[in-house]
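Notes for the one structure printed next.
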Amino acid sequence: RPRPSLPAAVVGAGLGGSAVAYFLQQHFGPQVQLDVYEPAAVGGRLATVTVNKQQYESRGASIHALSLHMQDFVKILGLKHRREVAGKSAIFSGEHFVLEETDWYLLNLFRLWWHYGISFLRLQMWVEEVMEKFMRIYKYQAHGYAFSSLEELLRSLGGDAFVNMTQRSVAESLLEVGVTQRFVDDVIAAVLRSSYGQSVLVPAFAGAMSLAGAQGSTWAVEGGNKLVCSGLLKLTKANVIPARVTGISLHSSEGRALYQVHYEGSEGQGSAFYDMVVVTTPLHPSRSNFTFENFEPPIANFPGAFQPSVTSVVHGYLNSSYFGFPDPKLFPFASILTTDTPDLFFNAMDNICPVNISAAFRRKQPQEAAVWRVLSQQPLDKQQLKTLFRSYYSVQVTEWQAYPRYDAAKSLPPIVLHENLYYLSGVEWVASSMEMIAVAAKNVALLAYNRWHQDLEKIDQKDLMHKVKTEL
């Protein structure tokens, strides 16, 4: 049969893979023929577990209100926002609660001020300043501009200050703007433990993104966030191949690079040729045993390690006495964050709602059996489960290499591995969230399009704010 004008492969069908497939098709149009390789379930880390015939998010649970690409996906796919069920949070030190949320907004503000002075205002101003600059990316992308490296992308948004924020800790940056050490130890540490499972030594940019998510309003997709991935792939009419990619070798055809993708599936081993390949799974030795052949210079191994994370979805009765509430009826919290205390064996836990919430749904009372999601670094042993729960019906454990270990690498991975070979997952070393991955997917698609058509005016342009204003 006649060869399509642009056969392209996407490795991985998580959010990055499905979003980049959608954006590639949006830009290249019908000339691109997409094969998406995925050995496991579509959705990647956006996964659900079933408890009592109901599905619950096991990971990737909430999306920030300012996530414009995710908002777009939901609109395009005709999906809905999940109804929110209110619940209060608290921060636990292992012995007592250092901060408790109430139903009264003004009382919450007063408590923050009483404990920490104006640290929370300084934090808010710092996060807002970062987010305001970050939001420029949507304007640039709407005008078709792309960046060939993560450093260039960051520099276009916030100058060298943004690049530096990937090299210094969030604690250092916050102390510099007048946030107190006590606020960092109590509140910032708790938020970062619940989002990244790491300490206040994570880089400032990743920290700012995580803190923006903790401060702003968040939402989720009715039916499960993974529906975005399957929906985008269906819309794109991509050919999903249930196989694991083992390597890519370089050939050339008519003066242009041609990539042979090697894979193994249930049918055995195979390979196929493509003009363009986007890798959306991590290429770090601890995460993949990918080989690159015939590349000169060779494609190097990526430094850095990943943070192991354990999600335990427990259906049971909370042991409220452990948290200082002998009477479970009086326990008021739906979500518990923890400070960085050596003896604490969990990072956070929350009373979770199913992915389908009916109008009649109500959150379980604290004395009733509920579904809790517990985040920890190690699997919980029987004694630890007994500490948190009086009794339980079921425990479902998911262990995964969740996030980059942010203290482990000093440089950001490249986006362009070769002429038409791109790497998307490196963005997680800047910050890891659904929207960051969607932004990176749009950038890779625009970059691939602009490079394919030799439109170099649209790549790594300086002073973009000014350019975009004059274009408007």
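How much of the accessible area of segment 353-472, probe 1.4 Å, is carbon plus sulfur, in whole percent?
50
In segment 148-218, the portion of solvent-accessible area held by carbon and sulfur atoms comes to 52 percent [1.4 Å probe, whole percent, DNA, RNA and ligands not counted].
Across all directions, the average flat footprint of the convex hull enclosing the Cα atoms of segment 160-211 is 3.1 nm².
Radius of gyration (Cα atoms) of segment 106-153, expressed as a multiple of 2.2 N^0.38 Å: 1.79. Projected label points at residue 463 and residue 75, each 7 Å from Cα along the beta carbon direction, are separated by 3.3 nanometres.
Rounded to 0.05, the FRET efficiency of the residue 381 and residue 26 pair, given R0 = 56 Å and the Cβ-Cβ distance, is 0.70.
Set the Förster distance to 22 Å, then compute FRET efficiency between residue 291 and residue 258 from the Cβ-Cβ distance, nearest 0.05.
Values: r = 17 Å, r/R0 = 0.78.
Approximately 0.80, to the nearest 0.05.
Taken along the Cα-to-beta-carbon direction at a fixed 7 Å, the label points for residue 124 and residue 367 span 3.8 nm. In percent, rounded to a whole number, the relative contact order of segment 210-351 is 13, using alpha-carbon pairs under 8 Å and six or more apart.
Based on the alpha carbons, how large is the Rg to Rh ratio for segment 88-199 when Rh follows Kirkwood?
My calculation puts Rg/Rh at 1.06.
Across all Cα atoms of segment 296-344, the radius of gyration (one decimal) and Dmax (whole number) stand at 20.4, 68 Å. Each Cα pair under 8 Å and six or more residues apart adds its separation to the average, and for the chain the resulting relative contact order is 25 percent.
Which order do 72, 407, 460 take when ranked by solvent-accessible area (1.4 Å probe, heavy atoms of all protein chains), largest first?
So, going from the largest accessible area down, we get 407, 72, 460.
In the context of the full set of protein chains, residues of segment 1-135 present 52 Å² of accessible surface per residue (probe radius 1.4 Å, heavy atoms only).
So what's the net charge close to residue 123: Lys and Arg +1, Asp and Glu -1, counting the other residues with Cβ under 13 Å from its Cβ? Could you put the intermediate results ahead of the total?
Working: positive: 122, 182; negative: 128, 129, 176, 186.
After counting each charged neighbour, the total is -2.
Test of understanding: what is the full-extension gain from residue 107 to residue 41, defined as 0.36 nm times their sequence separation minus their Cα-Cα distance? Provide the component values of the computation, followed by the final result.
Values: separation 66, 0.36 × 66 = 23.76 nm, distance 4.50 nm.
My answer for the length gained is 19.3 nm.
Entry note: the chain has Rg to Rh equal to 0.98, where both radii use alpha-carbon atoms and Rh is the Kirkwood radius.
Please list 281, 339, 470 in order of solvent-accessible area, largest first, computed with a 1.4 Å probe with all protein chains present. Provide the component values of the computation, followed by the final result.
Working: 281 45, 339 10, 470 95 Å².
Result of the area sort, largest leading: 470, 281, 339.
Return, ordered by residue number, the residues of segment 458-472 whose backbone nitrogen is under 15 Å from a label point located 7 Å along Cα→Cβ of residue 149. The answer is 460-462.
Among 135, 436, the order of accessible area from largest down is 135, 436, computed with a 1.4 Å probe on protein heavy atoms. Take segment 216-366 with all the other protein chains still there, run a 1.4 Å probe, and you get 46 Å² of accessible area per residue.
Note on segment 365-414 and segment 15-90: Cα centroid distance 22 Å, given to the nearest whole angstrom. Each Cα pair under 8 Å and six or more residues apart adds its sequence gap; the mean of these over the residue count of segment 21-159 is a relative contact order of 9 percent. Between segment 139-171 and segment 278-295, the alpha-carbon centres lie 24 Å apart.
How much net charge surrounds residue 335 when only other residues with a Cβ under 14 Å from its Cβ are counted (Lys, Arg +1; Asp, Glu -1)? Intermediate values should be presented prior to the final figure.
On the way: positive: 88, 193, 363, 364, 373; negative: 57, 84, 100, 101, 350.
After counting each charged neighbour, the total is 0.
Is the shape of segment 251-401 best called rounded, prolate or oblate, per the rule: a/c under 1.5 gives rounded, else a/b larger than b/c gives prolate, else oblate, with a ≥ b ≥ c the square roots of the Cα gyration tensor eigenvalues? It would help to have the intermediate numbers written out before the result.
Values: a/c = 3.57, a/b = 2.53, b/c = 1.41.
Prolate, because a/c is 1.5 or more and a/b exceeds b/c.
Surface calculation, 1.4 Å probe, protein heavy atoms: residue 176 sits at approximately 130 Å² accessible.
Would segment 1-78 count as rounded, prolate or oblate if I go by the C-alpha gyration tensor, calling it rounded below 1.5 in a/c and otherwise prolate when a/b exceeds b/c, oblate otherwise? Can you show the working numbers first?
On the way: a/c = 2.99, a/b = 1.67, b/c = 1.79.
The shape class here is oblate.
Going by the alpha-carbon gyration tensor, a ≥ b ≥ c the square roots of its eigenvalues, is segment 206-251 rounded (a/c under 1.5) or, if a/c is not under 1.5, prolate (a/b greater than b/c) versus oblate? Oblate shape, in that a/c is at least 1.5 and b/c is the bigger or equal ratio.
The values are calculated or read from the model by the stated rules, or taken from the named source; none is laboratory data. All of these numbers come straight from a predicted model, not from anything done at the bench. Virtual Cβ from ideal backbone geometry, glycine too; neighbours counted across all protein chains shown. Each accessible area value is taken on the protein alone, full model and side chains, heavy atoms only, with ligands, DNA and RNA left out. Shrake-Rupley method; radii C 1.70, N 1.55, O 1.52, S 1.80 Å.
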